[in-house]
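Participant: Quick one: this structure, given as structure tokens, is what I'll be asking you about.
Readers should treat all values here as calculations from the given coordinates under stated rules, not as data from a laboratory. Values in this document were obtained by computation on a predicted structure and should not be read as measured data. Here the Cβ positions follow ideal geometry from the backbone for every residue, glycine too, while neighbour counts run over all protein chains shown.
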Amino acid sequence: MNKTKRKIFEASMKLFAKKGYDATSIEEITATVGVAKGTLYYHFSSKEEIFNFLVEEGMKLLKNSIDIKISKLNKAMDKLRAVILIQIKIITKYEDFMTIVLSQIWGNEARNIMCKQKVIEYIKTIEILVEEGMKKGEIMKGDPEVIASGIFGLTCASLVYKMKIKEEIDISKLYKEFDHSILKGLTHIK
């Protein structure tokens, strides 16, 4: 991604997260970046295309980070631990991105549907790991969809926690809490 496209990408992400998609105009994006509309339209044909690119790239980053990390692990529980740690890191490092995706999963417009699909695809990644753990006897039997959605939802709650404490999150402390409260509960096989 060239320098100008990256600036448009980053400015749009901040504006979409702060003001919302509908309240952000192309004029605000170009003013924030300091480029003419023609320059913006050289890189992106519309605000919708900027949004779609932002979501695609962000979800790709999350998925690639997870794929790289879990490819080196054998146990399903270790893979789930890696997913939780990476997700907490992504949520805290790319808070604006996560705010945008989570705020746009409600509704029936094209961008809402796309965000829902991306989140569901991502949760499916977690679900596959949960199913793997159940088959290997590492994880208690249950509904993999519910468990995977719960893991995603609870780690996304890190944004609420950050808002509440009004300071940077101690990632290792938060990870240990999730490991203790979520993952330990999944291993109590009956």
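Participant: Compare the Cα positions of Gly185, Leu73, Ala23 along the charge dipole of the chain (+1 at Cβ of Lys, Arg; -1 at Cβ of Asp, Glu; about the Cα centre) and return the one farthest towards the positive end.
Facilitator: With unit charges placed on the Cβ atoms, the residue in question is Leu73.
Participant: Please list the equivalent ellipsoid semi-axes of the chain, computed as the square roots of five times the alpha-carbon gyration tensor eigenvalues, in descending order and whole angstrom.
Facilitator: 35, 17, 15
Participant: Only sites in a loop by DSSP and with at most 10 other Cβ atoms within 10 Å count here; which chymotrypsin sites (Phe, Trp or Tyr not before Pro) in the stretch 40-142 make the cut?
Facilitator: Trp106
Participant: According to the square roots a ≥ b ≥ c of the eigenvalues of the Cα gyration tensor, what is the shape class of the stretch 103-190, taking rounded for a/c under 1.5, prolate for a/b larger than b/c otherwise, and oblate for the remainder? Show your work: numbers first, answer last.
Facilitator: On the way: a/c = 2.99, a/b = 1.16, b/c = 2.58.
The shape class here is oblate.
Participant: Count the net charge of all other residues whose Cβ sits under 14 Å from the Cβ of Lys162, scoring Lys and Arg as +1 and Asp and Glu as -1.
Facilitator: -1
Participant: For Asp67 and Lys19 in the same chain, what is the full-extension length gain: residue separation times 0.36 nm, less their Cα-Cα distance, in nm?
Facilitator: On the way: separation 48, 0.36 × 48 = 17.28 nm, distance 3.24 nm.
Residue separation times 0.36 nm, minus the Cα-Cα distance, leaves 14.0 nm.
Participant: At most 16 other C-beta atoms within 10 Å and a DSSP loop state: those are the exposed GluC sites (Glu not before Pro) I care about. Give me the longest piece of the chain that has none.
Facilitator: That gives 1-108 as the longest site-free run.
Participant: For every helix of n ≥ 4 consecutive DSSP H residues, a contribution of -39,500 (n - 2.57) applies; sum these over the chain, divide by its total residues, and give [θ] at 222 nm rounded to the nearest 500 deg cm²/dmol.
Facilitator: Value at 222 nm, helices only: -23500 deg cm²/dmol.
Participant: So how strong a dipole does the chain carry about its Cα centre when Lys and Arg Cβ are +1 and Asp and Glu Cβ are -1, to the nearest 20 debye?
Facilitator: Once rounded to the nearest 20, the dipole reads 480 debye.
Participant: Trypsin sites (Lys or Arg not before Pro), restricted to the stretch 19-94: which are DSSP loop and have at most 16 other Cβ atoms within 10 Å?
Facilitator: Lys72, Lys75
Participant: Then there is this: Please label the shape of the stretch 139-190 as rounded, prolate or oblate, based on the square roots a ≥ b ≥ c of the eigenvalues of the alpha-carbon gyration tensor (a/c under 1.5 means rounded; beyond that, a/b larger than b/c means prolate, else oblate).
Facilitator: Note, shape of the stretch 139-190 comes out oblate.
Participant: Find out how many positive minus negative residues lie around Asp78, taking Lys and Arg as positive, Asp and Glu as negative, among other residues whose Cβ is under 12 Å from that of Asp78. Walk me through the numbers before you get to the answer.
Facilitator: Details: positive: Lys69, Lys72, Lys75, Lys79, Arg81, Lys136; negative: Glu132, Glu138, Asp179.
Taking every other residue near Asp78 into account, the sum is +3.
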